[in-house]
Amino acid sequence: MSTSTDGGLPDLTGTPTQEERGALLAVRQEHGVAALNGEVYVLGGFTPDAGPSVQAYDPESDAWRDVADFPAVFHHPNVATVGNMLYVAGFHVGSDLRQADGRVFAYDPEADEWLPRESMPIGTERGAGCVATLDDDIYVFGGANDVTMPDASVYDTVADEWTQLPLMPALREHCIAAGIGGKIYIVSGRANSIEGIEVESWVYDPVLEVYEERQGMPTPRAGCAGGVLGGRIFAFGGEGNADDPNGIFHEVEAYDPATDSWEELPDMLLPRHGFGAAVIGDRIYLPGGGTSQGFEGTDLHTVFFFESAD
């Protein structure tokens, strides 16, 4: 459910490091996370009840502030940033964990307001999708509306229109998607239940409109956060772990598309699920999340980066 874009080419040769940052203004999980104009945004989710609140974090001051509420009570949003606008393209509504709303809104930070855009096509409404951006386009793979869906679609933010894409090779939701080198990588996730973790990962070619399977994550999981640094996808936490008393995954793993291989990194400071990642410069910010399978939201906020040896 997390969104990510290529974060440039930072030095990844240092020591993988995690530190706590300013706590959220409230506990939050199953929310959206995105970077916009050098700040981290958290959108909706359970706080602990479902709500419309949106907040922004300034890394320089290490402080959070409220911004304009979203036009609905929402959670599991499909979130992406394009240019100077933040988009929510489908979400789940109210206290119903699986009821989807296909409306699309764009947030203008200058005006501090949400603007309605073209909704998802009827029958494809879904939240908990796997979201990535390429140029001005937002791609949404899979997701759920009562049941897990195989749908794939792309939203052109300039033309304000949706285009249906070939269905995914399998049902998928609560997974990671990332746009790198003109293609989109779709990692792990689940189908229909928390325990229904799926192993396969794919790369989607938007020119040829085809999926090709890629090396699966060493620790398949769903509900994890993902961000891109230096052309590599970093995956954090997740849920559905039968070997953990809280059902949470501790692992941090990184995928290199150039070699189609994964690297295992030190575990999370506090394992979480139902959250997202925002990449700013050479750092990945990880606000909120659930500390127990299903719920138990936290206000914890951490940052991941590579500490230079200099």
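If you take the Cα atoms of the range 124-173, find Rg, then find the Kirkwood Rh from the mean of 1/r over all pairs, what is Rg/Rh?
Over the Cα atoms of the range 124-173, Rg/Rh equals 0.97.
Each residue of the range 105-113 was assigned a 3J(HN,Hα) from its phi angle through the Karplus curve 6.51 cos²θ - 1.76 cosθ + 1.60 (θ = phi - 60°); the sequence is 9, 10, 9, 9, x, 5, 8, 6, 8 Hz, with glycine and proline shown as x. As a rough footprinting exposure proxy, the listed residues Cys130, Cys175, Cys224 were ranked by other beta carbons within 10 Å of their own, and the order from fewest upward is Cys130, Cys175, Cys224. When a/c is below 1.5 the answer is rounded, else prolate if a/b is larger than b/c, else oblate, so apply that to the chain with a ≥ b ≥ c taken from the square roots of the Cα gyration tensor eigenvalues. The shape class here is rounded.
Per residue, the convex hull spanned by the Cα atoms of the range 88-167 measures out at 95 cubic angstrom.
With both labels modelled 7 Å from their Cα along Cα-to-Cβ, the Glu263 to Ala111 distance reads 4.4 nm.
Would you mind giving the average projected area, over all directions, of the Cα convex hull of the range 39-145 in nm² with one decimal?
Values: hull surface 27.4 nm².
Its Cα hull, projected and averaged over all orientations, spans 6.9 nm².
Report, by chain and number, residues whose modeled amide H sits under 5 Å from the one on Ser119, excluding near sequence neighbours (fewer than 5 apart, same chain). For Ser119, whose amide H was placed from the backbone, the distant partners under 5 Å are Val104. Placing unit charges on the Cβ atoms of the charged side chains and taking the dipole of the chain about its Cα centre, the candidate lying farthest along the positive direction among Phe236, Val73, Val33 is Val73. Computed over the range 215-257, the P(r) tail beyond 12 angstrom holds 57 percent of alpha carbon pairs.
Centre-to-centre, using Cα atoms only, the range 180-229 and the range 99-136 are separated by 21 Å. Annotation note: GluC sites (Glu not before Pro) in the range 102-153 located in DSSP loop regions with a Cβ neighbour count of at most 14 within 10 Å are Glu110.
Kirkwood hydrodynamic radius of the range 1-94 from all distinct Cα pairs, in Å?
Details: mean 1/r = 0.0701 Å⁻¹.
Every distinct Cα pair counted, the radius reaches 14.3 Å.
Start at zero, step by 10 Å, and the Cα-Cα distances of the range 161-273 spread as 14, 47, 31, 8, 0 percent across the bins.
Using the 10 angstrom Cβ neighbour count as an exposure proxy, how do Arg221, Arg28 rank, fewest first? Write down the numbers at each step before the final one.
Numbers: Arg221 27, Arg28 30.
The order, fewest Cβ neighbours first, is Arg221, Arg28.
Throughout, read-outs are computed from the coordinates displayed, never taken from laboratory work. These figures come from a predicted structure and were not determined experimentally. With ideal geometry, Cβ positions are generated from the backbone for all residues, glycine too; neighbour counts draw on all protein chains shown.
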